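A short worksheet on the structure shown next.
The values are calculated or read from the model by the stated rules, or taken from the named source; none is laboratory data. Predicted, not measured: the structure shown is a model, and the values here were computed from it. FYI the Cβ positions are ideal-geometry reconstructions off the backbone, even for glycines, and counts take in every protein chain you see. Note: areas computed on protein heavy atoms with side chains; ligands, DNA, RNA excluded. Shrake-Rupley method; radii C 1.70, N 1.55, O 1.52, S 1.80 Å.
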Amino acid sequence: NHNKKNPKMKGLKMIQIIPIIKGLLNALQYLHKNDIIHRRIIPKYILMNENLTKIKLVKYALNTNEFNVQTFSYYSSPELSLNIKATKACDIWSVGCVLFEMFTGYRPYCGKEGIDPLFCHTQGISPIEAANDELKDLLYEKKNRVVLNFMLQCFRPIQGQRPFVEELLKH
């Protein structure tokens, strides 16, 4: 729990988040070096052991570059929603979404009443921009700037401006 004064904040502790994100990035680094784009990074496809020393990424979408509402994921990049050709950068957006959920305890685009996740998604509105004030306050706290900076890099609206896995591993 990040904020003892606010029991609604239910994200994981950084000591748990860091090995999961590092393991996820290492898995992506392997895939990307082999020219594989995952396209469907969501929490249930990230497997780990109890002490977080082994992290695995499963269920690749190898044969498809198509998007439809039935396969809409809160973790997919905007370009996938717009049926734009997927690049490795779409996986980077998803990493940001997974981190958002682990850190805040809320699925991307779901922390604010009355928000339409699919609309936000197709408009390139990041989970940070769509978050409620409570979540924004948490993310913008001085002590959380490293996490915020990491997410902001992942959520760059233009694919070519998002960092590569190797850059994020140095973060």
Residues of the stretch 136-171 classified as assigned to a loop (DSSP other than H, G, I, E, B) and of a type outside the set (Phe, Trp, Tyr), total: 7
Residue in the stretch 59-72 that is modelled with pLDDT under 80, in a loop (DSSP other than H, G, I, E, B), closer than 23 Å to residue 162 by Cβ and touching a Ser or Thr at 6+ places or on another chain (Cβ under 8 Å) present: yes
Of all residues in the stretch 121-135 being in contact with a helix residue (DSSP H, G or I) (Cβ under 7 Å, 6 or more places away or on another chain) and part of a helix (DSSP H, G or I), the one that is most open to solvent (accessible area, probe 1.4 Å): 122
So residue 153, is it farther than 20 Å from residue 11 by Cα, modelled with pLDDT of 90 or more and either of a type in the set (Phe, Trp, Tyr) or in contact with a Pro (Cβ under 8 Å, 6 or more places away or on another chain) (or both): yes
Which numbered condition residue 110 fails, given (1) in a helix (DSSP H, G or I); (2) open to solvent by less than 90 Å² (accessible area, probe 1.4 Å): (1)
Residue 90 being in a helix (DSSP H, G or I), modelled with pLDDT of 95 or more and open to solvent by less than 50 Å² (accessible area, probe 1.4 Å): no
So residue 17, is it surrounded by 14 or more Cβ atoms within 10 Å (Cβ to Cβ), modelled with pLDDT of 95 or more and not basic (Lys, Arg): yes
Unique residue being in contact (Cβ under 8 Å) with a residue 60 or more places away in the chain and open to solvent by 20 Å² or more (accessible area, probe 1.4 Å) when the list is 99, 118, 82, 169: 169
